[in-house]
Amino acid sequence: MTPSVRLQEMIRVIRSARTQGEERGIIQRECADIRSQFRQGDNGERSHSLAKLLYVHMLGYPAHFGQMECVRLIASPRYSEKRIGYLGAMMLLDEKQDASLLITNSIKNDLSHSSQYVQSLALCTLACMGSAEMCRDLAPEIERLLRASHSYIKKKATLCAVHIIRKVPELAELFTPSARTLLSEKNHGVLHGAVVLITELCERNPDTLVQFRKAVPELVQIMKGLVTSSYSPEHNVAGISDPFLQVRILRLLRILGHNNDTASDAMNDLLAQVATNTDSSKTAGSAVLYETVLTIMDINSESGLRVLAVNILGRFLLNNDRNIRYISMTSLQKIVQTDHNAVQRHRGTIVDCLKDQDTSVKRRALELSLALVSAVNIRSMMKELLIFLSVCPPELRSQTASGIFNAAERYSPSKRWHIDTILHVLTTAGGDVRDETVPNLIQLITTASELHCYTVHKLYRALIKDIAQQSLVQVACWCIGEYGDLLLKGECEEIEPVQVTEDDILDALETVLQSHMSSPATRGFALTATMKLSTRITDNVDRIRSIVSIYGSCIDLELQQRAVEYNALFKKYDHMRAAVLERMPVMDKNSPGHTNGDTSGEIKEPDTSKPKPVEAGLLSEPASQVCDLLDLLGGTDTPLQPSPAPTSTPTTTSSADLLDLLGGLEIKPVPTVSVYEKNGLSLKIQCDKQTETEVTVTLIASNSTQNDITNFTLQAAVPKSVQLQMKAPSGNVIPAHGLGQVTQTVLLNNPNKVSLKMRIRVAYSNQGAMHQDTVQIDSFPSAACQPSFSPL
Amino acid sequence: MRGGAGGIQLFSMRFLLLFSRQGKLRLQKWFTALSDRDKKKIIRDVMQMVLVRPPKSCNFLQWRDLKIVYRRYASLYFCCGLEQGDNELITLELLHRYVELLDQYFGNVCELDIIFNFEKAYFILDEFIIGGEVQETSKASVAKSMEEADSLQETMEEYLNKPTY
C-alpha cells in the first residue's frame, strides 16, 4: 500500500481552502494529527504521516518535528518506509541538523543490503546531504562499491564519491586508483560518473591531473566512438549519441589539454571532427558544439582550429534560436580581447542583436558591441549605439551612456563629432549619465574654439525644446552665458541661420530659472549665465539687472549669494564688471579645480566657485584697462584676452587690506625717479634689471595733501611684445602729509628687446572727489634704468 | 574556470526548482547545504525573476553569481541554478529529459500529477540526478529502475507482516 492515498486526500483538502487563514487551520489540524501518529509507534501509518508532513514542509510550514521520524523510518525493514524516510532525510535533515548523524549507521547497513534498491537509497541520500563527518565514516564503503558492484550501484557510488571529495578533499587519493579503471566500463551511466569523478580529482590536485593526462587517448577513443557510432536508441537525443556524456568528456579534455601541448595535440583531430560533423539543428547538437568551442579556445589548439571555433560561434549568431545567440555572444565576449580580429568579422550580426526583443540578448550584444568599437568603425558603431540608447530598456541606459562616452573619448574622429555625440546622449538619456559629464563636456567645448558658434547654437536649440534633462540644461546655460554674443550673431557656417534675439535668450534662461524641474545646481548655472550676458548683449541689460536683483531674496542660499554679489557687481563695481565676466580661457583638463567640476582655478570665472568679484576685480581689472591703454599706445589690436598678469597674482580672499602681500619683495637701493606729481599725489618709480629681458619696476605713490587719498589704484600698459605682471599693491589708501606710501611692483619681460614704454593710469578719491590721470614713461634705459618721462 | 578546494564547485548545479505560474512551489532539490531562510529567499528571488519573463524570451538569466536556466512546460516552470562554468544548453536538455521521464512514468504528465504524487517526482529525479550530476543517460534504464523499485513497495499485508525493526 503506497502512502499516496491518504496523502492525496490531505492534499485535496488543503487545496480546497479558499483563504490563507483556512489553509493554515487545516495544516495545523493535520500537523497535530501527524504528531500523534508519530507518537503512536508502528501502525502501518507512519509512512503516510511523514509523506503528508513533507508536503506541508514544501508549502513552507515548519516540519522539524519530523526529523526523528525520518531516522526511525530509515531504520525500518519495510521498503516503503525506508523510501519515504530517506526522502524525508534529504528534505529535512541537511548537514546542519544534529539529527543527521543518527542515520549514519543506517546508511552504513543499507550500503551492504541485499537489495540494490535499498543500497541505491542510501547512496543517493549520502550524496545529497552527507556531512563531512558522515563522508569520512563511509568513504571506505563507497570505495568498495566502486570496485565490486554491478553497474546500477557503481554509477551511483561514483557520484557519491564525487560528493565525498567535495566535502572532504583529502579523501581524493582514496578514489584515484579506481577512477582510472572505471573508464573501461561500457555502461554509459558508469562512464559518465567516471568522467565526472576524474574531472573532480583533476580539479583538486595538479599531480592527479598530470597522471590523468595519460588517459587522453582513451578519452579520445570513447568520444570518437560516440560521434561515429550508428544510431543507438537508448542514448540518442535528436540525432546525437548521448550528448550528456559527450559534453562531460569534452570538458575533461579541456582541463587536461589546458597549457599542455602534447595533450592538446592528441585531441586536435577529434575536436576538428566533432566540430565539423555535429549536427547543430537541435539544442543537443548545439550543446556539444558549444562545449567543443569552449574546449578549443581553452587548450593550445592550432590556429586553424581556433578559426573554426570562432566561425562556429559566428554561425550561432545567425541562429534563429535566441538561446544560441545568447551563448554565442557570451563566448565571444570571453575571446574578444585575444582574438579581436576574428570577432570583428561578426560585428554586423552582433550589432543587429541590439535590436532583439529579449533583454538578456540585448545586454550581451551591448557589452560585445562596446568591446568591438575601434578607430576604424567608430562612426558606424556610434550611430547604432545612439539608436540603441533611444530605445533600450531603462536598466541598460546608464551602461550604454558611459560606454558611448568612453568610446567617444578614445576614438572620436573630430571635435565636432565628439561634441555632437555627447549632446545626442544628453538629449536622449541625460538623466542616466554620470555627474562628471557636465564639466567634461564644458572642458571639451572650450578646447574646440572654432566650434563655439556651432555649439552654442545647437545647445540653444536643444534648450528651448526641452529643459528636463539637467545635465544638458546646465551645459547649455553655461555656453549661452559664455558665448551669447556668438548666438546673437545669428549665422554660423555649419548650421542654418536662425535669428535669435536678446529677449529670446533671456526668456530661455528665465524659464530655466523659474521651472520646478530645474535642480538648484541648474538654476545656479542659469543665473550666472544671465549675469555673464550683461557684458555680451547691448539692449536688455536692465532686464538682467532686474532678474538678478529678484534672486537677491531667493530662499536657496547659493542663488541668493550669487544674486547679491552680482548685484554688487552692477552697482558698486560696475567698472569691473566687463573684466570679471570676460570670456574664459581654455581649461586644462587636469587643472586642480577641474576634476571636481569646479573651475575655481580661474578667478575670472565666477560660475561654479563662489565668486568674489570685489577682490578679483582689483587684480584682474588692470588687464582690460591694459587693452584700452594699448590701443592708445599705437593701435595694437589685442584680443579680449586678459594678460597673464592678473591670473598669476595670488588670489586674495581677504578684505581690501593687502598690505601683507608685498612682504617678500625687496626694495632695491636704486635711484628713485619721480614720474608724476600733481594735486599732492606723487608717483616715483624704481627699476631694477633682473636679466637681459626682465625688469622689475616698483611704483611708489605718496600723498602730500591734507587728506588721505583713498581707493587708489594703478594700472599699467606696455607694448604688445612685452609681458607685464603686476603684483598686488601694498594698499589703496595713501595717508596724508606724506606719512605713508603705497607701493606696487611690476615685472616686465621683454623677450624681443623692444624699447620699453609704459603708460600708467592712476585713479583715486580725495575729499570725496574722484580723480584720474595718466602718465607715460617713454624709455627705460637698460643700463642705469633711468626713465625719461612725459606727463600727459 | 577552475574548481578550488573547500567545496567550491564550478561545474555543477546548485538547485532545481519546479513552480507554477502562480508562484507555488511544486518541487525543490538543493545540491548545497543552505539554511531554510536562505533557501526561501532564493526561491522567492528566482521565482520573481522568472515569472516576469515574457514568452519567447531567452531561457538564460544572470542572477548574482549564478546562471539561471529555466523552461516553461504547460503551467510549470522548471528552473536550475548553475555555476559560471556550466553549459546552459546541455542543462536545457537535462530539464527536458526530466520532463520526458515524468511523462513516461505518469503518462501525459500534468501539474496535478506532480502535486498529488510529489514524492514520486522526487524518486524519479533521484534516479536521474545524484549530487547535481546526471547518473543515468538512458531513458529506458531510469524507467525500468522506477518500475522495479515501485514493485518493492509492500502491500498492506506484507507491511504488517514484516517486523518493525
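Brief remarks on what is shown
- Looking across A:Val274, A:Val237, one residue alone is crowded, with 20+ Cβ neighbours inside 10 Å and at pLDDT below 90. It is A:Val237.
- Boolean, B:Leu112 is surrounded by 16 or more Cβ atoms within 10 Å (Cβ to Cβ) and of a type outside the set (Phe, Trp, Tyr): no
- Any hit, the range A:440-448, residues being under 19 Å from the mean Cα position of the chain (by Cα) and closer than 30 Å to A:Glu367 by Cα: yes
- Exclusive hit being outside any helix (DSSP H, G or I) and in contact with a helix residue (DSSP H, G or I) (Cβ under 9 Å, 6 or more places away or on another chain), set A:Ser328, A:Ser286, A:Ser301: A:Ser301
- Among the residues of the range A:499-546, the one identified as modelled with pLDDT under 85, aliphatic (A, V, I, L, M) and over 18 Å from A:Ile464 (Cβ atoms) is A:Val541.
- Criterion: closer than 25 Å to B:Ile129 by Cα, more than 9 Å from every other protein chain (Cβ to nearest Cβ) and not in a loop (DSSP other than H, G, I, E, B) - qualifying residue of A:Leu87, A:Leu54, A:Leu50: A:Leu50
- Screening the candidates A:Lys224, A:Lys214 for the property of being basic (Lys, Arg), more than 13 Å from every other protein chain (Cβ to nearest Cβ), assigned to a helix (DSSP H, G or I) and without any contact (Cβ under 8 Å) to a residue 24 or more places away in the chain yields one hit, A:Lys214.
- Single residue of B:Leu76, B:Leu66 found to be out of contact with any Phe, Trp or Tyr (no Cβ under 8 Å at 6 or more places or on another chain) and touching a residue at least 24 places away in the same chain (Cβ under 8 Å): B:Leu66
- Yes/no for A:Ala63 being among the small types (Gly, Ala, Ser), farther than 25 Å from A:Ser120 by Cα and within 11 Å of chain B (Cβ to nearest Cβ): yes
- A:Asp435 being part of a helix (DSSP H, G or I), of a type outside the set (Phe, Trp, Tyr) and surrounded by fewer than 20 Cβ atoms within 10 Å (Cβ to Cβ): no
- Applying the criterion of at least 3 residues that are closer than 24 Å to A:Asp207 by Cα to the helices (runs of 4 or more DSSP H) found wholly in the range A:110-192 leaves A:132-148, A:151-167, A:172-182.
- Residue ranges of helices (runs of 4 or more DSSP H) in the range A:456-553 with at least 1 members under 35 Å from the mean Cα position of the chain (by Cα) and surrounded by 21 or more Cβ atoms within 10 Å (Cβ to Cβ): A:470-489, A:502-514, A:520-533
- Of the residues making up the range A:710-743, those that are buried (at least 21 other Cβ atoms within 10 Å of the Cβ), without any contact (Cβ under 8 Å) to a residue 60 or more places away in the chain and in contact with a Ser or Thr (Cβ under 7 Å, 6 or more places away or on another chain) number 2.
- One residue from A:Leu138, A:Leu101, A:Leu111, A:Leu146 being more than 12 Å from every other protein chain (Cβ to nearest Cβ) and at pLDDT below 90: A:Leu101
- Hits in the range A:359-409 (condition: part of a loop (DSSP other than H, G, I, E, B) and within 19 Å of A:Arg345 (Cα to Cα)): A:Val373, A:Ser374, A:Ala375, A:Val376, A:Asn377
- Conditions (1) modelled with pLDDT under 95; (2) crowded, with 21+ Cβ neighbours inside 10 Å; number of the one not met by B:Val46: (1)
- Boolean, A:Gln37 is in contact with a Leu (Cβ under 6 Å, 6 or more places away or on another chain), among the polar types (S, T, N, Q) and at pLDDT below 95: no
- A:Asp321 being surrounded by fewer than 23 Cβ atoms within 10 Å (Cβ to Cβ), within 19 Å of A:Glu203 (Cα to Cα), under 38 Å from the mean Cα position of the chain (by Cα) and not aliphatic (A, V, I, L, M): no
- Answer from A:Glu22, A:Glu69 - the residue that is among the charged types (D, E, K, R), within 21 Å of B:Lys24 (Cβ to Cβ) and more than 11 Å from chain B (Cβ to nearest Cβ): A:Glu22
- Boolean, A:Ser80 is within 11 Å of another protein chain (Cβ to nearest Cβ), over 22 Å from B:Phe118 (Cα atoms) and outside any loop (DSSP other than H, G, I, E, B): no
- Put simply, of A:Arg72, A:Arg12 the only residue that is free of Cβ contacts under 8 Å to residues at least 24 places away in the same chain, in a helix (DSSP H, G or I) and either under 30 Å from A:Glu141 (Cβ atoms) or of a type in the set (D, E, K, R) (or both) is A:Arg12.
- Search result, residues across the range A:1-32 that are at pLDDT below 90 and surrounded by fewer than 15 Cβ atoms within 10 Å (Cβ to Cβ): A:Val5, A:Glu9
- In the range A:130-155, the residues that are closer than 14 Å to A:Glu95 by Cα reach residues that are in a helix (DSSP H, G or I) and not polar (S, T, N, Q) with C-beta atoms within less than 6 angstrom, at least six apart or across chains, in these pairs: A:Ala132/A:Lys167; A:Cys135/A:Ile164; A:Cys135/A:Lys167.
The values are calculated or read from the model by the stated rules, or taken from the named source; none is laboratory data. The structure displayed is predicted, hence computed values, not measured ones. All Cβ positions, even for glycine, are placed from backbone atoms using ideal geometry, and neighbour counts span all protein chains on display.
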